[in-house]
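Here's the structure, in structure tokens; my notes come after.
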Amino acid sequence: MLLSLFFNTIIVAQGLKGSKVPATDVKTLNGSIINTSQFSNNGNPIIIDFWATWCKPCIAELDAIADDYDQWQKETGVKVIAISVDDQRTSTKVPSFVKQKGWSYEEYLDPNQDFQRNMQVINVPCTFIIDGKGQIIWVHNSYLDGDESKLYDALKKLAAKK
């Protein structure tokens, strides 16, 4: 049963490859509403990372990306957009948590998990690479130490196609 859930999770998110990011309202950390159709990066790639404050693998992944984020930006022009799926009870912790971590990502809240559902994310962390045209080109679910290298390799391949 658990193995079946794991494979279904991967297959669901993978099914979005080649599609556009679904237009969904999310909140900025100060409470303003923004639609995900407004996510842009001047034709450069975007990483969308779904995470939560209670998810240790999520935090490990975002910390690992943060270690090399400046280099990745210089080489590929990438921008990271981190989407917290913390619910109404825990989403108030997100701004101070992000500040304490020192992450320089664009941060948004998805407290009702609307964007999470629209992106077919069943569990976190779940990471997407969006190309400069807004197409989902890469999906990875879960995190193990070193997975950020796979993400970086996918970014380099995308940058080489430009």
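The values are calculated or read from the model by the stated rules, or taken from the named source; none is laboratory data. Please read all numbers here as calculations on a predicted model, not as lab measurements. Methodologically, a virtual Cβ is constructed for each residue, glycine included, from the backbone with ideal geometry; neighbour enumeration extends over all protein chains shown. Just the protein is used for accessible areas: all its heavy atoms, side chains included, with ligands, DNA and RNA removed. Shrake-Rupley method; radii C 1.70, N 1.55, O 1.52, S 1.80 Å.
The amide H of E106, built 1.01 Å from its N in the peptide plane, has V80, A82 as neighbours under 5 Å, considering only residues 5 or more places off or on other chains. Short-range pairs are left out: with C-alpha atoms under 8 Å and at least six residues apart, the relative contact order of the chain is 33 percent. Computed with a 1.4 Å probe over protein heavy atoms only, the accessible surface of the chain comes to 52 Å² per residue. Take the chain, drop everything but the C-alpha atoms, weight them equally and run the Debye formula without solvent; then report log10 I(q)/I(0) at 0.15, 0.16, 0.20 Å⁻¹ to two decimals. Taking Cα atoms of the chain as identical point scatterers yields -0.77, -0.89, -1.47.
The apolar share of the surface of the chain, taken as the fraction of accessible area on carbon and sulfur atoms (1.4 Å probe, ligands and nucleic acids excluded), comes to 53 percent. Among the listed pairs K17/K161; K93/K156; K101/K156; K27/K133, a Cα-Cα separation exceeding 29 Å is found for K93/K156. Projected onto its three principal axes, the C-alpha set of the range 29-103 covers 38, 27, 18 Å, listed from the longest axis down.
Which values of log₁₀ I(q)/I(0), to two decimal places, follow from the Debye formula for the range 78-139 at q = 0.27 Å⁻¹ with a uniform point scatterer at every Cα? Log10 I(q)/I(0), no solvent term: -1.27.
I33: net charge of surrounding residues, Cβ under 15 Å, Lys/Arg +1, Asp/Glu -1, itself excluded? Combined, the nearby Lys, Arg, Asp and Glu give -4.
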